[in-house]
Structures are given as C-alpha cells and as structure tokens.
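The values are calculated or read from the model by the stated rules, or taken from the named source; none is laboratory data. Computed from a prediction, not measured in an experiment: that's the story for all the values here. Every residue, glycine among them, receives a Cβ derived from its backbone with ideal geometry; neighbour counts consider all protein chains shown.
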Amino acid sequence: MCGIVGFVGTRNAAPILLEGLKRLEYRGYDSAGIAVDHRGVISISKVSGRIEKLCELTDGGKTMPGFAGIAHTRWATHGAPTDVNAHPHMSCDGRFSVVHNGIIENYMELRDELMGNGYLFRSQTDTEVIVHLIEMYYDGNFKAAVMKATSRLEGSYALGVLCSDEPGKIIAVKEASPLILGIGIGENFFASDVTALVAYTRNVLYLNDGELAELTPENITVYDCTGTPVPKTASRVTWDIEAAEKGGYEHFMLKEIMEQPRAVKAALTPRIQENRICLDEFRMTPGELRGIRKIVITACGSAYYAGCAGKYAIEKLCHIPVDVQLASELRYSEPQIDSSTLLIVLSQSGETADTIAAMKECQSLGAKVLAIVNVVGSTIAKLADYTLYMWAGPEIAVATTKGYTTQLSILYLFAVYAAEALGLLSEKEYQRLIGELQALPQKIQQVFDMNGILPRLASKYNTARSIFYIGRNTDYAAALEGALKMKEISYLHAEAYAAGELKHGTIALIDEGQPVVALCCNDRIAEKTMNNILEVKARGAQVLALAVKGNRTVLTQADDVIYIPGTDSLFQTVVEIIPLQLLAYYVAKENGCDIDKPKNLAKAVTVE
Ligand code: AGP
C-alpha cells in the first residue's frame with residue numbers, strides 16, 4: 001500500500017505535505033514525491049528512497065512555494081521503486097498531476113488505448129494511465145474530467161489531483177482504498193489515514209467508495225458518482241498522533257494481527273484470476289520445473305518457520321523433496337546444491353544478512369532463486385531470479401505476524417501452482433485447492449470472532465517459567481512459530497517439541513502445573529497428539545489445546561480448548577497460528593512488555 005496527502009490553503013503546502021508523508025511512512029517508503037501548484041504552474045519533485053531524501057532535495061519544501069499540493073509515499077506494486085516510477089505523475093501537457101494508492105487492474109488496456117491516442121508514458125506504473133485519461137477528457141471542467149477518467153478505472157484507488165487551470169483547488173477520489181478529508185480553518189486536507197492530518201486538525205470527513213471531493217481553502221464539496229452533491233457530517237478524531245499511527249490499536253502488533261485477513265487476501269487475490277493461479281513473476285517453465293530435483297528453503301526466525309510449514313504442502317503436492325535450512329547454518333555447511341536445485345528464500349525485510357549470504361552461496365553453486373519478500377526493491381528481491389512480493393504492507397512491529405502468514409500463504413499458492421504445472425493435479429483437485437486458498441482470509445477472520453477467551457487465558461500463563469508447544473507435522477510447524485512469538489514478546493521461555501518425541505526424554509520435565517500448548521488441528525493426526533495430552537496430563541501438566549471446531553473429544557482431555565475453523569490439513573498452519581500470536585500478545589501485555597519493540601531485537605537483522 002502507499003500513502004497520499006493533499007493540502008490547499010493560504011500558506012505554503014510543501015512543508016505540510018512532507019510532514020504528512022513522514023506520518024504515512026509506515027505505509028510504504030521505497031520512493032516519495034510532491035507536486036505543488038504555484039501561480040498556475042505545477043512543479044514536481046520525486047525520488048526513490050526514503051522521505052528524508054525528498055526533504056533534503058526540496059530543502060524541507062522551501063524550494064517549492066505554492067498554496068496547493070499533493071504528495072505520495074510509495075510501496076511499489078507495478079514498476080520498481082525508481083525516480084521515474086515515483087508519484088506524482090504528470091500529464092503530457094503539464095496541466096494535471098496525480099497521486100494514487102491502490103491497483104488499477106485494467107491499466108494495460110487503458111495504456112494501449114492512450115498510447116494509441118498519442119499519449120507518451122514515462123513510467124512502468126499502473127497509475128500513469130489516470131493522469132493521461134484526465135487530460136484526454138479535459139474540456140475546461142476539472143471535476144468532470146476526473147469523473148470521466150475514474151469511470152474508466154477498474155480496481156482500487158485513492159486519488160489526489162492537481163490542475164494548473166484551477167490553482168486554488170485539489171480533488172480527491174475514493175474507490176476501495178482509504179481516503180479521509182481534514183477540515184481546517186482557511187485550509188483543507190486529504191490523506192490516506194488520519195495519521196497525516198491529526199497534527200493540523202481533528203475534524204475529518206470520511207469519503208465513501210465512488211465519492212469525489214473538491215477542496216478549496218474555504219470549502220469541501222463532496223459528490224457522488226453521478227456528480228450530485230452529498231451532504232457530509234464532520235467527525236472528531238479522538239486519537240492522539242501516536243494512537244492514530246496504530247489505527248486506534250494499542251500496539252502495532254495487534255493492528256498487524258488483525259490486518260491478516262486483508263493481508264493474506266492481498267497476497268493471494270491478484271494471483272488467482274479466473275480460477276487459475278498466475279505467478280507472472282515466477283517465469284520458470286513447466287519443463288524447467290520438471291528439471292528441479294530438490295527444493296531448498298532458507299530463511300531465519302519466523303521466516304524459517306514459515307518454510308517448515310510450507311514444506312508439507314510442496315512435498316505432498318509437487319512430489320519434490322524439500323529441505324528447509326536455517327540460513328545461518330546453510331551458509332557454513334557443505335550445501336548439496338547445483339543447477340537442479342530451486343532455492344526459495346523467505347524474508348519479510350529482504351535485508352537479513354544471514355539469508356542474503358546463504359542465498360549468494362547457493363547462487364554461486366548454480367541454484368535458481370525464488371524470493372518471497374515484503375519490501376519492494378530490497379536486497380534479496382534484487383538478487384533473486386524470481387520475486388513474489390507478499391504485498392502485506394509495511395510491518396512495523398518487530399515480531400512478525402502478517403509477514404509470516406502472507407509468506408506461508410504464498411508458499412501454499414506456489415505448491416498448488418507448481419503441482420498443476422507439473423501435471424500432478426486433476427482439474428477438480430486444482431479447483432478445490434484454489435477454493436481452500438481463497439477461503440483462508442475469512443477463516444482467519446473467524447478465529448478473531450471465535451476466540452474472545454484469549455485475554456483471560458493469558459492470565460493463566462503469564463507467570464509460567466516455561467511453556468511447551470507440542471504438535472505433529474503441520475501442527476509442529478505452527479508450534480515452532482507459536483513458541484517464538486511467546487519468547488520474543490513476553491520473554492517467557494517456550495519450547496516447541498514434536499509431540500511424538502516427548503516420550504524420548506523431554507517428558508521428564510513435565511511436572512505438576514507445567515503449561516503445555518497442544519496443537520491438534522491437522523485432522524489426519526490430531527488423535528495421536530490427543531494421546532500425548534493424556535500422557536502429559538497424567539504427569540500433572542496444565543494443557544491448552546488448539547483444535548478444529550467440532551472436535552468434542554479434546555474437551556474431555558485438556559484444561560482449556562481454543563477452536564479454529566478447519567481447512568485442508570496442508571494449509572491449516574496459517575489459521576492455527578493466529579490464536580498463538582494472540583496468546584503471546586496478551587501474555588506480553590499482561591506482563592507489561594514493550595510489545596512493538598521487544599528488548600534486544602530489531603525488525604531486520606542486517607548484520608551476521
Ligand atoms: C520474527 O518475529 C522475528 N522478528 C525474526 O525472527 C524474523 O522473522 C527474522 O529475523 C527474519 O527476518 P526477515 O523475515 O526480515 O528476513
């Protein structure tokens with residue numbers, strides 16, 4: 001996602017716009033730009049890199065006088081994060097400038113049409129079609145031209161538009177991407193979220209999809225898609241600037257946990273078109289795929305645990321052996337890797353030093369690399385042969401949540417895609433699996449709706465000396481990540497253990513009251529783990545079980561049960577991890593920990 005902000009008033013716009021961009025930086029920060037209208041001439045300054053670079057370039061906005069302007073901070077989706085792809089974009093005649101947050105799904109056909117009409121494109125973005133459409137439809141009426149242009153768009157957009165013929169006005173349009181209007185005194189604003197506004201005003205108007213707003217220093221007029229004025233009532237923002245950045249949540253981590261239905265949908269939906277999985281960025285042909293003898297997944301931390309979970313789906317569906325290796329180990333082992341190896345690299349930040357080093361080592365041995373990363377233009381994304389972006393939006397909390405689930409969702413998607421390409425799936429099975437993938441966002445949402453008991457449960461575990469997480473197969477993979485979440489934000493010791501392995505020694509540690517989280521969500525083997533519940537209960541353990549809704553037997557065995565919706569056992573981990581994230585969050589909150597910035601940790605470990 002990106003961030004947009006606009007201002008029109010009686011003081012210079014540029015410094016205000018730059019401040020607004022800084023407040024939106026968590027939404028994306030691979031490039032930024034600003035356009036200001038000064039006496040009927042629009043000037044633009046834009047650059048790849050962080051907003052700080054744009055501030056230096058414009059001397060804090062001093063080099064761009066003018067009382068109306070728009071600005072943008074980018075989370076690239078179409079076109080690399082370069083100066084030319086940065087927003088704002090300008091029409092050929094220099095009369096219009098546009099900033100955009102969202103994805104124009106029909107931009108290719110519009111681009112062809114516009115190029116056929118002689119419009120010259122400078123960027124590889126989807127956004128640029130918008131500014132040329134406005135120019136094409138302009139006959140002297142600014143609002144009408146914007147309305148005609150947006151009527152041609154399919155997809156999601158929050159737009160800000162400048163027109164040099166009307167210097168004291170900016171236009172904002174909303175369709176499926178967030179856009180809020182700020183009401184000032186002798187000045188007005190628009191922004192992607194209240195974060196960018198609350199320093200100047202707490203009186204806001206919320207635009208609905210299909211609405212267009214005309215902003216002048218004295219007025220805001222909102223119109224519906226027919227051009228009919230829509231009366232709006234102002235709302236009062238009660239958040240402080242800090243809370244606003246968290247969208248009203250107490251911590252970024254909780255906000256990002258709750259964002260997961262949207263994030264997983266953003267990772268999957270653009271890649272499932274007309275019931276086919278389209279991985280355009282992964283250009284390996286079926287013939288080349290058939291030449292792959294082994295897949296190695298390498299990553300660190302939670303990304304490594306996502307790989308442990310994704311391994312089951314890839315091996316089961318693609319019949320290719322998958323070796324999941326810690327990057328910090330792989331780089332110093334004698335990796336048995338050659339040109340018949342596909343290396344899958346997982347990294348939210350795309351900057352983890354160990355992962356980069358392991359990736360380079362494997363590339364030097366001939367492996368082709370598929371990277372699944374979140375930060376566009378990151379080092380790993382640049383080094384990889386193929387990159388599938390997670391599109392989770394910036395993840396601020398150090399403890400990853402939506403990063404893990406979007407990574408894992410893309411691994412599932414890849415497994416089904418590759419199995420179909422290898423001719424290993426019937427069309428019926430292919431469509432069933434696609435349906436299961438498409439249902440994941442709402443199943444994650446259902447977990448939130450089913451588990452109000454988690455805050456109370458946390459108070460049963462927040463003083464434990466240690467917590468065991470046990471499970472088998474995909475449940476064990478979830479146990480690994482669940483234990484890490486608990487450790488890294490609540491500082492309680494937690495250990496994930498293969499449930500079948502307990503009796504080979506570790507069960508000696510199970511004493512009266514020892515908390516054990518037992519994951520029994522994989523319907524193929526849940527019964528085995530339920531037997532392990534009886535084993536540890538017999539030794540006095542306090543058991544919290546995770547199970548699929550409808551499993552009533554587990555109620556007779558565990559002290560507490562958290563139910564989740566069922567899905568294909570191969571995909572279950574991405575649903576069952578949600579209550580484990582929330583359990584760790586509420587235990588950490590109970591213990592007063594610094595949840596978003598846990599001690600000793602960093603969001604990206606860019607050193608060995
Ligand atoms: C996850 O909660 C941790 N912050 C950490 O384990 C992280 O997953 C690991 O450092 C890998 O980071 P990356 O995904 O950015 O490469």
Which of the residues that make up the stretch 505-527 are buried (at least 18 other Cβ atoms within 10 Å of the Cβ) and in contact with a helix residue (DSSP H, G or I) (Cβ under 6 Å, 6 or more places away or on another chain)? I510, P515, V516, A518, L519, C520, C521, N522
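Got a sec? Which helices (runs of 4 or more DSSP H) wholly within the stretch 450-551 have at least 1 residues that are among the aromatic types (F, W, Y)? So that I can check it myself, show each step before the final result.
On the way: elements: 454-461, 474-490, 526-537.
In the stretch 450-551, the matching helices (runs of 4 or more DSSP H) lie at 454-461, 474-490.
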Flagged in the stretch 331-345 as part of a loop (DSSP other than H, G, I, E, B) and either in contact (Cβ under 8 Å) with a residue 60 or more places away in the chain or away from the ligand (no atom under 16 Å from the Cβ) (or both), in numbering order, are Y332, S333, E334, P335, Q336, I337, D338, S339, S340
Index of the failed condition, L153 passing every other in (1) under 24 Å from the mean Cα position of the chain (by Cα); (2) of a type outside the set (S, T, Y); (3) closer than 17 Å to L17 by Cβ; (4) modelled with pLDDT of 90 or more: (3)
List the number of the failed condition for L601; all other conditions in (1) buried (at least 17 other Cβ atoms within 10 Å of the Cβ); (2) within 16 Å of the ligand (Cβ to nearest atom); (3) of a type outside the set (K, R) hold. (1)
Does the stretch 248-271 contain at least one residue that is over 21 Å from K443 (Cα atoms) and over 20 Å from the mean Cα position of the chain (by Cα)? no
Please work out if Q572 is away from the ligand (no atom under 16 Å from the Cβ), under 24 Å from the mean Cα position of the chain (by Cα), surrounded by 24 or more Cβ atoms within 10 Å (Cβ to Cβ) and not aromatic (F, W, Y). yes
Residues of the stretch 371-396 being crowded, with 24+ Cβ neighbours inside 10 Å, modelled with pLDDT under 85 and more than 10 Å from the chain's Cα centre (by Cα), which ones? S378
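Can you tell me how many residues in the stretch 205-230 are under 19 Å from F7 (Cβ atoms) and surrounded by 13 or more Cβ atoms within 10 Å (Cβ to Cβ)? Walk me through it before giving the result.
Kept after step one, since they are under 19 Å from F7 (Cβ atoms), are these residues of the stretch 205-230: 205-207, 212-222.
Now restrict to residues that are surrounded by 13 or more Cβ atoms within 10 Å (Cβ to Cβ): 205-207, 212-218, 220-222.
Count: 13.
Table: residues versus (1) modelled with pLDDT of 95 or more; (2) polar (S, T, N, Q); (3) touching a Ser or Thr at 6+ places or on another chain (Cβ under 8 Å).
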residue	(1), (2), (3)
R524	no, no, yes
T529	yes, yes, no
G540	yes, no, no
L544	yes, no, no
A558	yes, no, no
P565	yes, no, no
T573	yes, yes, yes
Can you tell me which condition M486 does not meet? The list is (1) of a type outside the set (D, E); (2) within 16 Å of the ligand (Cβ to nearest atom); (3) more than 22 Å from T401 (Cα to Cα), and all the others hold. (3)
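May I ask you to verify whether L268 is more than 30 Å from K368 (Cβ to Cβ) and surrounded by 15 or more Cβ atoms within 10 Å (Cβ to Cβ)?
Numbers: more than 30 Å from K368 (Cβ to Cβ): no; surrounded by 15 or more Cβ atoms within 10 Å (Cβ to Cβ): yes.
For L268, the condition - more than 30 Å from K368 (Cβ to Cβ) and surrounded by 15 or more Cβ atoms within 10 Å (Cβ to Cβ) - is not met.
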Any residue in the stretch 347-358 that's closer than 22 Å to S409 by Cα: show its pairings with residues that are among the small types (G, A, S) and in a helix (DSSP H, G or I) at Cβ separation under 6 Å, as long as the two are six or more apart or on different chains. S347/A303; Q348/G403; G350/A381; T355/A327
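Might you let me know whether the stretch 584-591 holds any residue that is basic (K, R), more than 16 Å from the ligand (Cβ to nearest atom) and under 26 Å from the mean Cα position of the chain (by Cα)?
Taking the stretch 584-591 and keeping what is basic (K, R), we get 589.
Of the ones still in play, those that are also more than 16 Å from the ligand (Cβ to nearest atom) are 589.
Pick out the ones that are also under 26 Å from the mean Cα position of the chain (by Cα) and you get 589.
For the stretch 584-591, residues basic (K, R), more than 16 Å from the ligand (Cβ to nearest atom) and under 26 Å from the mean Cα position of the chain (by Cα): present.
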Hey, among the residues in the stretch 175-217 that are outside any strand (DSSP E or B) and free of Cβ contacts under 8 Å to residues at least 40 places away in the same chain, which one's farthest from the chain's Cα centre (by Cα)? I185
Residue check for S349: of a type in the set (S, T, N, Q), within 14 Å of the ligand (Cβ to nearest atom) and not in a loop (DSSP other than H, G, I, E, B): no
If you go through the stretch 310-330 one residue at a time, do you hit one that is among the hydroxyl-bearing types (S, T, Y), within 14 Å of the ligand (Cβ to nearest atom) and outside any loop (DSSP other than H, G, I, E, B)? yes
Scanning the stretch 390-405 for residues that are within 11 Å of the ligand (Cβ to nearest atom) and of a type in the set (V, I, T) gives V398, T400, T401
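Taking the condition surrounded by fewer than 24 Cβ atoms within 10 Å (Cβ to Cβ) and assigned to a strand (DSSP E or B), does S43 pass? Don't jump to the end; show me each part of the working.
Working: surrounded by fewer than 24 Cβ atoms within 10 Å (Cβ to Cβ): yes; assigned to a strand (DSSP E or B): yes.
Judged against the criteria, S43 is a match.
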Residues of the stretch 219-251 satisfying the condition of being at pLDDT below 90 and assigned to a strand (DSSP E or B): S235, R236
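Condition first: part of a strand (DSSP E or B) and among the polar types (S, T, N, Q). Now tell me which residues in the stretch 285-309 satisfy that. Give the derivation first.
Residues of the stretch 285-309 that are part of a strand (DSSP E or B), as a first pass: 294-299.
Residue satisfying the conditions is T298 alone.
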Give the stretch 364-389 a look and list any residue that's small (G, A, S), more than 14 Å from the ligand (Cβ to nearest atom) and free of Cβ contacts under 8 Å to residues at least 40 places away in the same chain, or say none. S364, G366
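With respect to A299, determine if the residue is touching a residue at least 12 places away in the same chain (Cβ under 8 Å), hydrophobic (A, V, I, L, M, F, W, C), under 22 Å from G435 (Cα atoms) and within 16 Å of the ligand (Cβ to nearest atom). First the steps, then the outcome.
Working: touching a residue at least 12 places away in the same chain (Cβ under 8 Å): yes; hydrophobic (A, V, I, L, M, F, W, C): yes; under 22 Å from G435 (Cα atoms): no; within 16 Å of the ligand (Cβ to nearest atom): yes.
No; evaluated as a whole, the condition is false for this residue.
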Against the condition within 17 Å of V398 (Cα to Cα), modelled with pLDDT of 95 or more, within 14 Å of the ligand (Cβ to nearest atom) and touching a Leu at 6+ places or on another chain (Cβ under 8 Å), how does I257 come out, does it pass? yes
